[in-house]
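Student: Here's a structure for you.
The values are calculated or read from the model by the stated rules, or taken from the named source; none is laboratory data. Note that the coordinates shown come from a computational prediction; the quantities given were computed from them, not determined experimentally. Note: ideal-geometry Cβ built from the backbone for every residue, glycine included; neighbour counts use all protein chains shown. Surface accessibility is based on the protein's heavy atoms, side chains included, excluding ligands, DNA and RNA. Shrake-Rupley method; radii C 1.70, N 1.55, O 1.52, S 1.80 Å.
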Amino acid sequence: MTDQAASAAATDADWRQSIAQSYRSEEVRSIAEVLASLEPGATNASKKMLAMKFEDSIFKAASSMDDYRKTIEKRLNRLKKHYAKQQAKAGAAGVEEENADLVREKELLFQNKLRDEFAAKLIYIAKYADVAVKVIRKTDGDEKAKALKDHCDNCKKRARQLGIQLEGEAPQPRLHHDMKFLTQLKRTLDGTVDQVRSHVVKIVDLDLFLEEKLEIVDDELLRSANSNVIRKALLEQLEADDVDSNNNKFTVEQMKILIDLMNAPTPIPRRNQNADQIRAALSRIERIRAGTQAMLTYMGLTAEEKTSFAGSMKKCSAILKECLVALEKDHSQLFEDAEEKDGEGNPIIKLEDAWNKHLQYLDDTEHGSAAVDEDDITAEEPS
């Protein structure tokens, strides 16, 4: 980009930042008044949403404050003029017909709505389509790879029809489509985009796939009917396992306890201190256990009780991932042969044995207590 072009781009950005929201709100109010005056029985309030979209589309496309004002005035005057002519014809014929410019405005707004709804999803599909197809070809063969490629190519085509710029491609012109085409396009996008994107995400980013699925699960669990079915099934299982009904763990109090345990800070091990390493590892394992129990407890709550812990499935999953990654990265040396002995012939406690054996530290004193100065141990807060 040349200095002149960069300066122009900076100027474009500056003029938008200098516009107060109160000024734009006043423009929206004026536009709503005009739109309401063009439609018998309409009110400013009923046209406010349309006016907001009308103003926003011009604001984003305008190159300057002057261009912004002139475009609004020009388009409103054109609507008034054509609407007046149309009303005159309709009055003579006794038939009311929708103004062509109003139709065009609705089409442009609908097209912008489709862009806002599907742009990010279509761009993601286009960006990772080749990687996903390559993986599928390797794991499932050419036939399934071709099917996925066809779906991805179709999504790219729909993106271009909406004027969405894809990575590595030249900017797409904004095409004007009529309402019939846009309605059919939306039907196609609704039926394919989410499914194709989900498949691509599952192949190239399992963490993102799990995160998005847990959001869906969380939303489903907040529905009363779903919560009642799951809660009933869990309580029936407790009864089948001969668990005391008075010891029902699917309670708000139990959920709070588990959340506190799950979010407990992990001690930071000092360098070359095996006792500290084990303590930190066990802390993370305890957080993993609390996180998994919290997910089960959350599912057993009523729909009303769940509202106090909305998003818990995703939050618990994030804690589990954090702790598992830390165990693999920071404590891999603890995963050793269970029969390994230290220099004095004492068994070294392994991470996998920690729940079943008395915890012994390599630097224990003769009195059996770990040689760890508690004042020297700090803690890391969970992310």
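Student: Could you please find all residues in the stretch 32-86 being part of a loop (DSSP other than H, G, I, E, B) and not basic (Lys, Arg)?
Tutor: 38, 39, 40, 41, 42, 43, 44, 45, 46, 62, 63, 64
Condition check ((1) surrounded by fewer than 15 Cβ atoms within 10 Å (Cβ to Cβ); (2) on the phi > 0 side of the Ramachandran plot; (3) modelled with pLDDT of 75 or more; (4) out of contact with any strand residue (DSSP E or B) (no Cβ under 8 Å at 6 or more places or on another chain)) across all residues:
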{"site": "50", "(1), (2), (3), (4)": "no, no, yes, yes"}
{"site": "54", "(1), (2), (3), (4)": "no, no, yes, yes"}
{"site": "63", "(1), (2), (3), (4)": "yes, no, yes, yes"}
{"site": "66", "(1), (2), (3), (4)": "yes, no, yes, yes"}
{"site": "73", "(1), (2), (3), (4)": "yes, no, yes, yes"}
{"site": "88", "(1), (2), (3), (4)": "yes, no, no, yes"}
{"site": "91", "(1), (2), (3), (4)": "yes, no, no, yes"}
{"site": "95", "(1), (2), (3), (4)": "yes, no, no, yes"}
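Student: When you check residue 24 against the structure, is it in a helix (DSSP H, G or I), open to solvent by 90 Å² or more (accessible area, probe 1.4 Å), at pLDDT 85 or above and closer than 19 Å to residue 109 by Cα, yes or no?
Tutor: Taking the combined requirement at face value, the residue does not satisfy it.
Student: Follow-up. Among the residues of the stretch 136-165, which ones are open to solvent by less than 60 Å² (accessible area, probe 1.4 Å) and closer than 21 Å to residue 208 by Cα?
Tutor: 136, 148, 152, 155
Student: Regarding residue 227, is this residue among the small types (Gly, Ala, Ser), assigned to a helix (DSSP H, G or I) and buried (at least 17 other Cβ atoms within 10 Å of the Cβ)?
Tutor: Here the answer is yes, as residue 227 does meet what is asked.
Student: Cβ-Cβ below 7 Å, separation at least six or inter-chain, first residue in the stretch 306-330 and open to solvent by less than 10 Å² (accessible area, probe 1.4 Å), second polar (S, T, N, Q): which pairs?
Tutor: 306/227
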